[in-house]
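Have a look at the structure below, then the notes.
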Amino acid sequence: MLLSPPVNSEFRQSLQLEFGDFIQQQSQRFDRRDCLKIDFHCHDHNSDVPDELWGRILRLPETWLKTKKLVKLLKDNGSDVYTVTNHNNARSCWDLQDKGIDVLVAAEFTCFFPEYDLFIHVLTYGFDQEQEKILNKKRQNIYDFLRYTATEDIPVIMPHPLYFYTRNDKIDLGLFEKLACLFQRFEVLNGQRDLWQSVLTLNWAQSLTPEKVQSYAKKHNLNPRDFAVDPNKPKVLTGGSDDHTGIFAGQCGSYLYIENLSERLKTAKPSELALEAIKAGNIAPFGQIGENQKLNIALLDYFAQVATKIKDPGMFRILLHRGSTWDKVGCFVVSNLLLEMQKHKKTMKFFSFVHEALQGKKPNKLLKWQVSKDYKFCINQLEKIADSKKSSPEEFSQTVNNAINELFSHLNKLIATRVEQAIKNNNGIQLDSFSTEEITRKFEIPSQLTALFFGDGKRQDNMSNVRVEKLLDNLSFPLLISLVLAGSTLASTRVLYQNRELLNQFAQHLGKNQHSNRALYLTDTLFDKNGVSTSLSGKLKEIQRANLPVDFLICDSQAESTDHLHVVRPIAEFDVQRYGEQTIRIPDLMEVARIFYEGGYDRVVCSTEGPMAAVSLFIQQMFNVPSYFFMHTDWIDFIKHTTDLNKHERDRVRRWMRALYNRYDGVFVLNSEHKEWLIGHEMELKEEQVFLTAHHTQPRDLGVHKIPKASIISGATEDTPVLFIACRISKEKGIFDLPDIVAVAKQQLPDLKIVIAGSGPATDELKAALPEAVFLGWQSKRQLAELYLSLDLFVFPSRFDTFGNVILEAFVHGMPTIAFNCKGPKDIIQHNKNGFLVEDTEQMSEQIVSFFQNETIGSTMRQKACLRAAEYQAEPIMQQFLTDMGLTVPHLYNNQRTVA
């Protein structure tokens, strides 16, 4: 069940309306009776040398689609003229001609742009076999290639102008100024591209007035007529499916207008008339853009075929091929994974069924009765996909993408169930009995791979004790299928946005279609009873109040979505009591990705190191967006105070954290000490990558008033000196320093009392150590406010907290605070003004005595505490937070002062 509200941002809606209006206008340009229908851009098995580096390393063709099947699909979808635009060759077109089939000869040549060190594609039509040889020689330089096509009167189209197969930092807006001088025709409708890119291309091409083209020509010393470009004519706009799989060919393309078509067809071939219309520019695109859905489907079909058809590329080929070390390592891992996958007959059969379902063929009816009940769901989804092939293209795309999401969710629930069962059955270890020490010590992979997969007969403190081969046996099918589903979704979106920065610059240059500037804030905790939840819920309230361009997303089984808050239901939950009574919830990755995409977000923030951290990095890679992490907890200090791990084992955790934080574009920290640690030699983050921030205060409830001390402490009077602490009762909070602190202070203040609010795993132990203390348990915000107003001095013995929300809460209500001179407290408390900063427990006892023995200091400190709290107002803190993330600051924040 999906709990998030329907998300289709104004940005996406505006793109759909704009492109829909354009297609509607194009449909009315020409009389259809005088039009030939063509898909300008489609491929078959002769596109056998891919542009993508990994495909070349792994010796994978772009498609296995046979020419005969492609032509049949084009015919079934109403094409009047056939063409096949394979990469750098027209073999399929020549083969069709040899069989007596009329075809418009074409190819998609990969041409080199020397000054940009860039390869671009050029759709080229109507050449002969001798010209093809020359074109393949000329494509080493885009200028030579286009001068030749102009001389020979060979028409060309620039396909997907905003999509490049590699990231290239040399690309700038000057490239597009040159393209305006080099090409008369641009593909503005590509069935495999994103709507945003299509609309940007459309508006750019339509903005190329004669004056602009002539100014660009002068600027770059180019003569457009050398390339068959007439600056005085508007650019010609085309469409094509860019189909590689035989699923979408002919569903979008172009209408070619030929006056008196029926008479002309009596004396000329359709391919000849099509070439005539292309040269004349009588072209009107048709079809729809499917966002990233069509590319997702195409890549799923491609991956399904790769899984069954890949051959061992060979180690020497991988090692000696052009490419970075990471490219080669990636190809080695992928090839091994896929080759290993081929040993699993069940998985291979499923991939075959996926490919067949996408072609409209249902699985065998007997199959449903043969598979286990865990997998009947998968067969049902494949049947839905096959049935939808008979529906409209839009309905088919929607059905397939829904099926992918539902399959992924179902299989991940199955994986979670089996993993939990496997852990429970592994030497009797229960999931909730794992301590921090056990997980830290086992979270290592042996460098000897045989020990990982087969064990070495020795007891090891690593993953070799969890028999991986047995676990993989049980998980192989759902895990491998899930990886392919997630991989196709990630890859289909990643390739569209690998040059996102360029798209942003392009939109800014056009002055329209700029992507919405919004952040999605992921967190594993929001409504739990802990300080992180308290601060995050306060941040959410301010976002809601000021309608800031940030939305939260949580995974929770009880909460409901509301303004600026998305809620997704967990696919699995684990209650691990040893981790601060925190429930670990596993979100549905596909659902989060859908919300991010449809919501028009362009950056992601995460504030917890749980499952949402993994999700945030997936989103970062999938959409190529800036990502940020908000650090709330010093986990090294937490582990130091709550476990018996030695320094070597704590360093293992530190290295994992360093690797995690370095994956983000920015990390927000809550105190200067923590910032220095992150940019120091142990963590090695760049200084410009770390932002100092703060939590802001919550508005004081003016309806809350001071209550008598006697109502809190039996027998107390208003003159009774009372310490107060509110926190989670656990060892890392320093609470076991309190018995000594209070005992020493009571030597001079015999009536001293202490009130403790909160709960936690160390409550009983602390009660035994402080039998005279008043324990109130967990208190509501209103109850805490009454305590801050009524008691005397807040004591904060934690050396662990990165900030100290409770210090600000105390200050808001005028309660001075005493704390150790470290981390968060030393950035908030001003010594001897609104509280005290001490070095040890002895000094803390001395300052407590001094505070209560000075009759005037209390009222002065209360006033200064309120003044200090006023410096932590929400507006300036949130303004700086938004600015550091690169978000546009709302108008109501523009006049606010930034907090010092």
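The values are calculated or read from the model by the stated rules, or taken from the named source; none is laboratory data. Since this is a predicted model, take the numbers as computed values, not measurements. Reconstructed Cβ throughout: ideal geometry from the backbone, glycine too, with neighbour counts over all protein chains shown. We work out accessible area using only protein heavy atoms, side chains counted, and drop any ligands, DNA or RNA first. Shrake-Rupley method; radii C 1.70, N 1.55, O 1.52, S 1.80 Å.
Descriptive notes on the structure:
- Counted charge near H674, where neighbours are those whose Cβ lies closer than 9 Å (Asp, Glu -1; Lys, Arg +1): -1
- Bins of 5 Å from zero: percent of alpha-carbon pairs in the stretch 53-95: 5, 19, 24, 23, 15, 9, 5, 1
- Against the empirical 2.2 N^0.38 Å (N residues), the chain has a Cα radius of gyration ratio of 1.13.
- Pairwise FRET efficiency - Q28 versus T209, Cβ, R0 = 35 Å, nearest 0.05: 0.90
- Among residues other than T245 with Cβ under 11 Å from its Cβ, the summed charge is -3 (Lys and Arg +1, Asp and Glu -1).
- Counting Cα-Cα pairs of the stretch 741-830 in 10 Å increments starting at 0 gives whole-percent bin shares of 15, 44, 40, 2.
- Normalising the average separation of contacting C-alpha pairs (under 8 angstrom, six or more residues apart) by the number of residues puts the relative contact order of the stretch 213-363 at 20 percent.
- Of the beta bridges in the chain, as assigned by DSSP with both residues counted there, near 35 percent are antiparallel.
- Computed from the Cβ-Cβ distance with R0 of 45 Å, the FRET efficiency linking K66 to F775 stands at 0.05.
- Where the chain is the region considered: accessible area per residue in Å², 1.4 Å probe: 44
- Stretch gain in nm, segment R322-K233, where the contour uses 0.36 nm per residue and the Cα spacing is subtracted: 27.8 nm
- Interatomic Cα distance distribution for the stretch 672-796, bins of 10 angstrom, percent: 11, 34, 27, 18, 9, 1
- Measuring spread by the Cα atoms of the stretch 647-717 yields a radius of gyration and Dmax of 21.2, 57 Å.
- Tensor-based shape of the stretch 511-647 (alpha-carbon gyration tensor, a/c under 1.5 rounded, otherwise prolate or oblate): prolate
- Length-normalised contact order of the chain in % [C-alpha pairs under 8 Å, at least 6 apart]: 9
- Using Cβ point charges alone (K and R +1, D and E -1), the dipole size of the chain about the Cα centre works out to roughly 2120 debye.
- J(HN,Hα) series, the stretch 821-828, from Karplus relation 6.51 cos²θ - 1.76 cosθ + 1.60, nearest Hz, glycine and proline x: 7, 7, 6, x, x, 6, 7, 9
- The gain in end-to-end length when the W54 to N504 segment is fully stretched comes to 159.3 nm, 0.36 nm per residue minus the alpha carbon separation.
- If you take all other residues with their beta carbon under 14 Å from the beta carbon of T209, and give Lys and Arg +1 and Asp and Glu -1, the sum is 0.
- Label-point gap, in nm, between D884 and A268 - each point 7 angstrom along Cα→Cβ: 6.7
- Cα-based helix-to-principal-axis angle, 531-546 vs the chain, degrees rounded to 10: 60
- Residues whose amide H falls under 5 Å from that of L723, counting only those 5 or more places apart or on a different chain, are K753, I754, V755, with hydrogens built in the peptide plane.
- Split the accessible area of the chain by element, probe 1.4 Å, and carbon with sulfur accounts for 51%.
- Within the stretch 257-300, the percentage of alpha carbon pairs spaced more than 12 angstrom apart rounds to 69%.
- Taking packing as the residue-averaged number of other Cβ atoms within 10 angstrom, the listed peptides 791-804, 823-836, 259-272, 131-144 run from highest to lowest as 791-804, 823-836, 131-144, 259-272.
- In sequence order, calculated HN-Hα J values of the stretch 249-257 (Karplus, 6.51, -1.76, 1.60; Hz; x Gly/Pro): 4, x, 7, 9, x, 9, 9, 10, 8
- Taking amide hydrogens as placed 1.01 Å from N in the peptide plane, the amide H of F836 sits under 5 Å from those of T817, I818, A819, each at least 5 positions away in sequence or on another chain.
- Over the stretch 828-895, relative contact order from alpha-carbon pairs under 8 Å, at least 6 apart, %: 25
- Average projected area [Cα convex hull, the stretch 758-809], square nanometres: 4.4
- Extended-chain gain in nm, criterion 0.36 nm per residue less alpha-carbon gap, D226 and D128: 33.1 nm
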